[in-house]
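What follows is calculated from the coordinates using simple rules that are stated; it is not laboratory data. What you are looking at is a predicted structure, and each value in this text was computed from that prediction instead of being measured. For neighbour counting, all protein chains shown are included, and Cβ atoms are generated from backbone atoms with ideal geometry for every residue, glycine included.
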Number of protein chains: 2
Amino acid sequence: MKLTVQQVIDGLMQPGGAAVQTVDALKFGDPHAQVTGIVTAFLPTRQVLERAVGLGANLVIVHEGAFYTHHDSGPPIDDPVAAAKLEWIEQSGLAIFRIHDHIHHRHRPDGIMEGLVQALDWDAYIDEHRDAYSLFNLPETTLGELAQTVKARLGIPYVRVIGSPDMRCRKVGALVGYRGGAATAIPVLGREGADVVLYGEGPEWETPEYVRDANAYGIAKGAIVLGHAESESPGMRLLAERLGERYPGLPVHYAGERPLFQVM
Amino acid sequence: MKLTVQQVIDGLMQPGGAAVQTVDALKFGDPHAQVTGIVTAFLPTRQVLERAVGLGANLVIVHEGAFYTHHDSGPPIDDPVAAAKLEWIEQSGLAIFRIHDHIHHRHRPDGIMEGLVQALDWDAYIDEHRDAYSLFNLPETTLGELAQTVKARLGIPYVRVIGSPDMRCRKVGALVGYRGGAATAIPVLGREGADVVLYGEGPEWETPEYVRDANAYGIAKGAIVLGHAESESPGMRLLAERLGERYPGLPVHYAGERPLFQVM
């Protein structure tokens, strides 16, 4: 199968086409190169890029950028790590395409959320998909049990929890990535009435302090903080599955990473 | 000693006066009320406010706001937790003053950083105080030992660490609060050449992924993520000490909080 990097990108940008203002772009590599294989990942770490090279894949599709800022405003200036990474990537010849806005906003439901739902095996419990979150009606459980289930199904070593582990819960709201902040997650608990929110990342003085206050004022609420990568990686794994179905002749792999933090 | 809330605020706003655009303000209470006692804290949680009431203090001085946003844009709309908290605060009659920008920017060094340095007992190792960070030359240690020392001295149950625990380190940069992002923390590791950064909070795909990459490209770096409250609470404890010295006749206390997260 003869397929160029640009043809894969054009396929990815269906449905809906790219947004006008977007971070989604081919960051490195030749759009006319023939694709030998695809690796998807949360972020183009060294291990991910080496894995692609080792697998003979020359197109890496990632959700976050290579240089540590959401807007990909370029490598940090006068920085030895960025310089080494830039040189390594350019010498590798890898094409790196970032798909962030399209997979979140052009897919209905959000393609990253779909991956999380699949990984949690919660498809049967979906109540509603909204733009920035999804609501689930789970069989009644406790916050502590829910945290253990989530850890096991996502294969992550720890989660950070606010609320009583014994709290009964049924209605859960999930938010991927950096949607754990006050503007996105508090209305899920407050106006939507979810018992628990499950999210990737968000400012600590926002939703976590809200949940602490809720319990102090006699309103039982809980939050489970997964980690940013932990909440979005399943979406990139699902993307690899779908690309594998779309291009049956082409090797397509998902490359996971080790946990970012060690808890000490 | 007869002292009004406004007189304490005027004293706090020395030196330099309040910034023109600032979140620092009397959020609740009567500026003309006579102060019966002061409690300082990181954030006005229910437990902090109850402690003030229990101590007979009617002025609470906090670093972060009551309603889960940096800009104190008001309580979340139609929210039962915010409504309960608002009613409780108004019935308590407590005055709540927020000091955020002044203590960070009008004090030299940053008054919150000073508290962290004191809590870490690193005064002898200060290399330089800069606007957004401070540099320390520590006796050589390892990243793992450093993490244990920091935990013990700050009295916190866990830290999140990136980098090899065996990495030797000497030059450390510290950043309080939400200064752990790429724009503030990466130059400390890169251009300033710190071995390790120690910070409160910051986006996970920024500094942590930089540190992971650094080690992958053969440049030994480390990061210790304290938690936002954990990095800034010592500054509010130091403020209580200073207010106690300024007003010897007045009861002044610092109210700590339990850790926000349970790691499961």
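Quick notes
- Some residue of region A:3-15 being at positive phi and in contact (Cβ under 8 Å) with a residue 24 or more places away in the chain: no
- Flag for A:Gly218 being in contact with a Lys or Arg (Cβ under 9 Å, 6 or more places away or on another chain) and either of a type in the set (Ser, Thr, Tyr) or farther than 22 Å from B:Val176 by Cβ (or both): no
- Qualifying positions in region A:10-46 - closer than 30 Å to A:Pro259 by Cβ, within 20 Å of the chain's Cα centre (by Cα) and assigned to a loop (DSSP other than H, G, I, E, B): A:Thr22, A:Val23, A:Asp24, A:Phe42, A:Leu43, A:Pro44, A:Thr45
- Counting only strands (runs of 3 or more DSSP E) that sit completely within region B:71-163, those holding 3 or more residues that are more than 25 Å from B:Glu257 (Cα to Cα) correspond to B:126-129, B:134-142.
- Scan of region B:249-264 for residues that are free of Cβ contacts under 8 Å to residues at least 40 places away in the same chain and either away from chain A (no Cβ under 14 Å) or over 17 Å from B:Val62 (Cα atoms) (or both), ordered by number: B:Phe261, B:Gln262, B:Met264
- In region B:157-179, the residues that are within 11 Å of chain A (Cβ to nearest Cβ) and under 19 Å from B:Glu114 (Cα atoms): B:Gly177, B:Tyr178
- There is no residue in region B:80-90 that is within 11 Å of chain A (Cβ to nearest Cβ), of a type in the set (Gly, Ala, Ser) and closer than 25 Å to B:Tyr133 by Cα.
- Residues (away from every other protein chain (no Cβ under 13 Å) and part of a strand (DSSP E or B)) located in region A:47-70: A:Leu59, A:Val60, A:Ile61
- Residue-level check: of (1) surrounded by 14 or more Cβ atoms within 10 Å (Cβ to Cβ); (2) in contact with a His (Cβ under 9 Å, 6 or more places away or on another chain); (3) over 26 Å from B:Ala185 (Cα atoms), A:Leu43 misses just (3).
- The residue that is nearest to the other protein chains (Cβ to nearest Cβ), counting only those in region A:180-198 that are buried (at least 24 other Cβ atoms within 10 Å of the Cβ) and under 18 Å from A:Val159 (Cβ atoms), is A:Leu189.
- Among the residues of region B:213-230, those that are more than 10 Å from chain A (Cβ to nearest Cβ) and either of a type in the set (Gly, Ala, Ser) or in a helix (DSSP H, G or I) (or both) comprise B:Ala220, B:Gly222.
- Candidates A:Ala147, A:Ala83, A:Ala119, filtered to the one that is free of Cβ contacts under 8 Å to residues at least 12 places away in the same chain and either aromatic (Phe, Trp, Tyr) or in contact with a Pro (Cβ under 9 Å, 6 or more places away or on another chain) (or both): A:Ala83
- Qualifying residue in region A:50-65 (condition: without any contact (Cβ under 8 Å) to a residue 60 or more places away in the chain, under 15 Å from A:Met236 (Cβ atoms) and over 18 Å from the mean Cα position of the chain (by Cα)): yes
- Test: residue in region B:59-66 that is farther than 25 Å from B:Gly177 by Cβ and out of contact with any helix residue (DSSP H, G or I) (no Cβ under 9 Å at 6 or more places or on another chain): no
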